[in-house]
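As structure tokens, the structure follows; a few thoughts come after it.
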Amino acid sequence: TADKCNGYGAESALSPPVTTTTTTTIITTTTAPPKTAFECYECSGPECGKGSSAVSNNCPSCMVYRNPNDQTIIERRCCWWSCGSPNSVSNYNGLETYFCTADKCNGYGAESALSPPVTTTTTTTITTTTTAPPKTAFECYECSGPECGKGSSAVSNNCPSCMVYRNPNDQTIIERRCCWWSCGSPNSVSNYNGLETYFCTADKCNGYGAESALSPPGKSDEKKMSR
């Protein structure tokens, strides 16, 4: 407190002046337009899609599909029009095709998006059927007695028919013969030269047991008398 005590220099009692600095930062963001043209592999085969394989430039899209004639061969191409959606598989010209939009995105491995190859095996079977003409000559037993019609019994060849009948003098004896003319119908019993006779048309068909088609001994005579 004194006259003019606040004169020049009195400000030295005060704190130094405070200086405020304002810094302004301006950030500018530039957005590039989306890319619409790409570099795509343009080749096929096992080495296609690697390293220095052929490419096409300025492609709207890249694509991968299987060769329609050999599905184990991969085709990598530039798609110029009507391309499918990026990173999708669709039908293109009748073929399952994978589309993508990035440089060389159709390279080796991109085919994994496709279905496995279909392998078709064609087997051709040729069946030849030969129809032999009906047989008209047969081998027939030509003998009589209990051992006739078995194993190595005597036979006649080229017979039109075989026949079996009972011996007219002893009907317990079976006669097995070749029939040369006026034979009865195959697998039938009819009267032949006055005797009940069984006829058949197959090799040795008048063998042992064929006599079962005949009436028991004596019964054929009873049939005649009843008539």
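If the condition is being in contact with a Leu (Cβ under 8 Å, 6 or more places away or on another chain) and within 17 Å of A102 (Cβ to Cβ), then region 44-92 contributes V64, V89.
The rows are residues; the columns are (1) closer than 30 Å to G51 by Cβ; (2) surrounded by 11 or more Cβ atoms within 10 Å (Cβ to Cβ); (3) of a type in the set (G, A, S).
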site: E111; (1), (2), (3): yes, yes, no
site: T122; (1), (2), (3): no, no, no
site: T130; (1), (2), (3): no, no, no
site: G151; (1), (2), (3): no, no, yes
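The number of residues in region 164-213 that are closer than 21 Å to A154 by Cβ, among the aliphatic types (A, V, I, L, M) and surrounded by fewer than 17 Cβ atoms within 10 Å (Cβ to Cβ) comes to 3. If I filter region 20-39 for residues that are closer than 30 Å to T97 by Cα, part of a strand (DSSP E or B) and either out of contact with any Cys (no Cβ under 6 Å at 6 or more places or on another chain) or aliphatic (A, V, I, L, M) (or both), do I get at least one hit? There is at least one residue in region 20-39 that is closer than 30 Å to T97 by Cα, part of a strand (DSSP E or B) and either out of contact with any Cys (no Cβ under 6 Å at 6 or more places or on another chain) or aliphatic (A, V, I, L, M) (or both). Note on region 45-90: residues that are in contact with a Ser or Thr (Cβ under 7 Å, 6 or more places away or on another chain), more than 17 Å from G109 (Cβ to Cβ) and in a strand (DSSP E or B) total 4.
Looking only at strands (runs of 3 or more DSSP E) that lie completely in region 121-207, which have at least 3 residues being closer than 22 Å to G218 by Cα and not polar (S, T, N, Q)? Those strands (runs of 3 or more DSSP E) span 161-166, 174-179, 195-200. Residues that are part of a strand (DSSP E or B) and under 15 Å from A37 (Cα atoms) were ranked within region 91-102; the one that is farthest from the chain's Cα centre (by Cα) is C100.
All of the numbers you see were taken from the coordinates with simple rules; none came from a lab. Because the structure is predicted, anything quoted here is derived from the model rather than measured. For neighbour counting, all protein chains shown are included, and Cβ atoms are generated from backbone atoms with ideal geometry for every residue, glycine included.
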